[in-house]
Amino acid sequence: MENGVITAGLEKYFNPETTEEVKVTEGTHAASYAVGLARVKVISAYPITPQTSIVEKLSEMCASGEIDAEFIKVESEHSAMACVIGSESTGARSFTATSSQGLALMHEELHWAAGARLPVVMVNVNRALGAPWNIWADQSDSLAQRDTGWVQLYAESNQEVLDMVLQAYRLAEEIMLPVMVNMDAFFLSHTTEPVAIPKQHLVDQFLPGYNPKFKMDIKDPRAFGGLATPDRYMELRYNIQKSMEGALDLIPKIADEYDAIIKRHHGGLVEEYLTEDAEYLLVTSGTITGTSRIVVDAFRNKGIKVGLLKMRVFRPFPVKVVQESAGRAKKIAVIDRNISFGQSGIFFNELKSALYNLETRPLINGYVAGLGGRDVTPSTIEKVINHLIAAEKGEDLIWMELNYESDEI
């Protein structure tokens, strides 16, 4: 290795024909490199742990001339989102990033970006919300924004972060809706992994320049953000919903095209692992997935038919794909690194809703684990599977490994 770049054994990590280099880099910088490759023109963000490294790296890349973009410093996350709403309105491909309380502060503007049909791409580093203060991984921040009209994607690895950001721009600019790419705090954001950086000319082939049909232009004046009366507003919301539904078809197609050009298939709505004959199915998202594969293999070695379904896309929720993949199992365990207080884990609730109209429904249990960055270990996942196997009826909310005596499993 030389200066953080792998110089030997490259074949293990990348296709030499399509990759410029392989860097051992943290997840935040994987996002930064993707933004540079996307030839973004405007970047605006406010620093917040553990997102800060994304925009620190981008500011360095802008200052050095490595990327040709305007880096706009602002006083809050609300202003950062307002800034990229403005720049996208002029037809400039734009980017921002945040975490936790910063994302919550953007909430009002998230609705505006979607309602204005602006293809902003944002990386959110999933971090727990206060109080009390906690800077570690928890998906409740992004999932609390699930009704704002943003596409939501969840990455498992640093490589997937890079590939997902590039695909997010293609998707956003085709459906004219914003896209949020999510990664687990510290498990990805500050953990280094080999990441293949694709060649710029191939990225340009996959992601051409952005030139929207409608934009703010003094030579072609138009009105934006005007008042929508009751006879118009509902139709505009209907159009957003139809575009969201269209994304379900586009996401796999974009992933296939990325694979054809970059020779790497990081895409699709879900990722299946040993699901075809699985009697017991784990449903996960983010970094819990990698640990779960190891446990699934261990159960398979004992002759127990366990499979794994990784959710890459949360909005739009891939109902039909979930019905096809999860509907075959006898019992399902959904592991959520989030909680909707007064209800259950959020992925669990969505999955249960998706399966409700099936004629034969599998038993489904919801497990909450890993809140506030707590480790979800192979032992944790083994307990989940054993509890699922023994279950005689479905349970909505099972708390894993609480640190006091009321813990049931």
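If you go through the stretch 283-317 and keep only what is touching a residue at least 60 places away in the same chain (Cβ under 8 Å) and more than 19 Å from the chain's Cα centre (by Cα), you end up with 294, 295, 298, 299, 304, 306.
Number of residues in the stretch 163-200 that are small (Gly, Ala, Ser) and farther than 15 Å from residue 246 by Cα equals 3.
For the stretch 80-96, filtered to residues that are in contact (Cβ under 8 Å) with a residue 24 or more places away in the chain and surrounded by fewer than 21 Cβ atoms within 10 Å (Cβ to Cβ), the residue that is nearest to residue 61 (Cα to Cα) is 92.
Residue by residue, here is whether (1) polar (S, T, N, Q); (2) under 26 Å from residue 99 (Cα atoms); (3) free of Cβ contacts under 8 Å to residues at least 24 places away in the same chain; (4) in contact with a Gly (Cβ under 6 Å, 6 or more places away or on another chain) holds:
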{"site": "319", "(1), (2), (3), (4)": "no, no, no, no"}
{"site": "324", "(1), (2), (3), (4)": "no, no, yes, no"}
{"site": "381", "(1), (2), (3), (4)": "no, no, no, no"}
{"site": "403", "(1), (2), (3), (4)": "yes, no, yes, no"}
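Out of curiosity, is residue 204 closer than 14 Å to residue 35 by Cα, surrounded by fewer than 16 Cβ atoms within 10 Å (Cβ to Cβ) and of a type outside the set (Lys, Arg)? So residue 204 passes the test. Scanning the stretch 227-242 turns up at least one residue that is on the phi < 0 side of the Ramachandran plot, surrounded by 12 or more Cβ atoms within 10 Å (Cβ to Cβ) and among the β-branched types (Val, Ile, Thr). Report yes if some residue within the stretch 59-74 is among the acidic types (Asp, Glu) and either in a loop (DSSP other than H, G, I, E, B) or under 19 Å from residue 153 (Cα atoms) (or both); otherwise report no. Within the stretch 59-74, one or more residues are among the acidic types (Asp, Glu) and either in a loop (DSSP other than H, G, I, E, B) or under 19 Å from residue 153 (Cα atoms) (or both). Does the stretch 370-383 contain any residue that is surrounded by fewer than 18 Cβ atoms within 10 Å (Cβ to Cβ) and in contact with a Lys or Arg (Cβ under 8 Å, 6 or more places away or on another chain)? Among the residues of the stretch 370-383, not one is surrounded by fewer than 18 Cβ atoms within 10 Å (Cβ to Cβ) and in contact with a Lys or Arg (Cβ under 8 Å, 6 or more places away or on another chain), which makes the answer no.
Only the coordinates and a few stated rules stand behind these numbers; no lab work does. None of the values given here were measured: they were computed from a predicted structure. Positions of Cβ are generated from backbone atoms using ideal geometry, with glycine treated the same way; all protein chains shown enter the neighbour counts.
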